[in-house]
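A.B. asks: What follows is a structure written as structure tokens; I'll ask about it next.
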Amino acid sequence: MNTVQLHLQNLHLLIEEAGSLSALARQCGYGKSASLSQLKRRLESQSGDDSARGIRPSLAAKLEKGMNKRKGWLNRDHSKDLEKARAAEQAAQETENPTMPSENAVSFTAAAGDRTATVTRNTSETQITVSVNLDGSGCGRFDTGVPFLEHMLDQIARHGMIDIDITCKGDLHIDDHHTVEDIGITLGQALKQALGDKTGIRRYGHAYVPLDEALSRVVLDLSGRPGLVYNIEYTRALIGRFDVDLFSEFFQGLVNHSMITLHIDNLRGRNAHHQAETVFKAFGRALRIAVEHDERMAGKMPSTKGTLTA
């Protein structure tokens with residue numbers, strides 16, 4: 001999102017908050033709305049020009065003061081605030097009109113300015129809450145009822161330097177399938193939400209990780225296009241009581257909902273535990289690289305098409 005697009009988005013928010021363009025003009029001390037109408041048209045016509053200046057500082061200050069916004073409000077992305085408000089409104093409506101859980105019963109919240117997200121996903125098979133902080137210290141807290149999955153999730157948190165908190169109540173009396181897959185889905189949704197529009201990030205990440213005889217490679221692109229290439233031939237079907245086939249379901253769910261392109265290759269290994277652990281450690285390391293801010297890319301979109309979310 002360039003400067004003009006950001007200013008236009010925030011101008012629309014001010015108009016919505018004031019009730020109309022005329023009301024915004026009056027609130028900000030304008031006798032007529034013509035000046036703001038001209039500003040709006042100019043921003044719309046320049047939205048594709050990355051070199052355009054947007055709203056000049058003196059006018060921005062007048063709009064911010066008139067609408068009781070803090071200095072610099074127009075230069076910040078408030079889309080997360082809007083999503084949070086809509087999620088709260090939806091939750092209130094659901095409280096007033098409760099329905100049975102469904103595949104689409106998902107709510108998002110994120111703190112403004114932070115790369116954090118909390119996702120709650122409730123279905124008839126699982127009830128899950130995932131919180132992530134992309135700029136965390138590598139802390140993981142898990143309560144899922146699937147110990148080996150928790151061990152692997154802890155690798156993502158620790159080696160990705162991402163704080164992850166996951167609670168899940170699933171139909172484990174049937175098997176682990178729904179729990180593992182749905183945690184992948186919900187974690188993917190949280191990652192997508194926390195990343196925002198991806199301005200200024202490195203975008204790509206890769207890592208090779210060994211553990212004794214095992215070696216795995218993970219390469220990923222925060223591309224906005226879901227895709228999974230998964231090449232692992234486990235040396236046994238179960239690790240303890242955990243079915244290794246479920247790891248592909250986990251990553252497929254994560255990829256589909258985080259909109260990540262992900263290549264996973266276990267290059268060698270004889271111990272299935274080692275194979276799995278190198279994969280999750282490598283994924284954490286690759287993700288850490290990809291989500292990091294690149295100083296040379298500051299304020300820029302790491303894509304020639306200008307977006308990684310469409």
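The values are calculated or read from the model by the stated rules, or taken from the named source; none is laboratory data. A quick note: this is a predicted structure, and the numbers were derived from the prediction, not measured. Heads up, the Cβs are rebuilt from the backbone with ideal geometry, glycines too, and the neighbour counts pull from every protein chain shown. Calculation scope for accessible area: heavy atoms of the full protein, side chains included, ligands and nucleic acids excluded. Shrake-Rupley method; radii C 1.70, N 1.55, O 1.52, S 1.80 Å.
A.B. asks: Can you give the angle from 0 to 90° between the axis of helix 3-18 and the longest principal axis of the chain, with both taken from C-alpha atoms, to the nearest 10?
C.D. replies: Computed tilt is about 70 degrees.
A.B. asks: Also, I was wondering about something else. What distance in nm separates the simple spin-label points at residue 213 and residue 237, each placed 7 Å from Cα in the Cβ direction?
C.D. replies: 2.2 nm
A.B. asks: Then there is this: Relative contact order, percent, of the chain when contacts are C-alpha pairs under 8 Å separated by at least 6 residues? Walk me through the intermediate numbers first.
C.D. replies: Numbers: 615 pairs, mean separation 49.7, N = 310.
Normalised by residue count, the contact order of the chain is 16 percent.
A.B. asks: Please work out the average accessible area per residue across the chain, using the 1.4 Å probe convention, and give it in Å².
C.D. replies: On the way: 15560 Å² over 310 residues.
It amounts to 50 Å² per residue over the chain.
A.B. asks: Compute the helix-to-body angle for 246-258: its Cα long axis versus the longest principal axis of the chain, expressed 0 to 90° and rounded to tens.
C.D. replies: 10 degrees
A.B. asks: According to the square roots a ≥ b ≥ c of the eigenvalues of the Cα gyration tensor, what is the shape class of segment 155-280, taking rounded for a/c under 1.5, prolate for a/b larger than b/c otherwise, and oblate for the remainder? Write out the running numbers ahead of the final one.
C.D. replies: On the way: a/c = 1.88, a/b = 1.18, b/c = 1.59.
Oblate shape, in that a/c is at least 1.5 and b/c is the bigger or equal ratio.
A.B. asks: Once you've got the Cα coordinates, tell me which of 71/192; 40/198; 69/300; 192/305; 192/281; 198/305 are over 22 Å apart.
C.D. replies: With Cα atoms farther than 22 Å apart: 71/192; 40/198; 69/300.
A.B. asks: Here is a follow-up. Working out 0.36 nm times the residue gap between residue 65 and residue 12, then minus their Cα-Cα distance, what length gain in nm do you get to one decimal? Could the numbers behind the result be given before it?
C.D. replies: On the way: separation 53, 0.36 × 53 = 19.08 nm, distance 1.64 nm.
This chain segment gains 17.4 nm when fully extended.
A.B. asks: Using alpha carbons only, how many degrees (0 to 90, rounded to 10) separate the axis of helix 177-195 from the longest principal axis of the chain?
C.D. replies: The two axes meet at around 30 degrees.
A.B. asks: Continuing with this model, one more query. Measure off, as a whole percent, the carbon and sulfur share of the 1.4 Å-probe accessible area of segment 132-217, all protein chains present. Before the final figure, lay out the partial values.
C.D. replies: Values: 1720 of 3420 Å².
That fraction is 50 percent.
A.B. asks: Quick one: what are the phi-derived ³J(HN,Hα) couplings along segment 215-232, Karplus 6.51/-1.76/1.60 with θ = phi - 60°, whole Hz, x for glycine and proline?
C.D. replies: In residue order, the calculated couplings are 8, 10, 10, 10, 10, 9, 9, 7, 7, x, 10, x, x, 10, 10, 10, 10, 9 Hz.
A.B. asks: Okay, moving on. For segment 128-149 and segment 190-229, what is the separation of their C-alpha centers, rounded to whole Å?
C.D. replies: Result: 17 Å between the Cα centres.
A.B. asks: At residue 304 and residue 23, where each label point lies 7 Å from the Cα along Cα→Cβ, what is the point-to-point distance in nanometres?
C.D. replies: Spacing of the two 7 Å Cα→Cβ label points: 4.6 nm.
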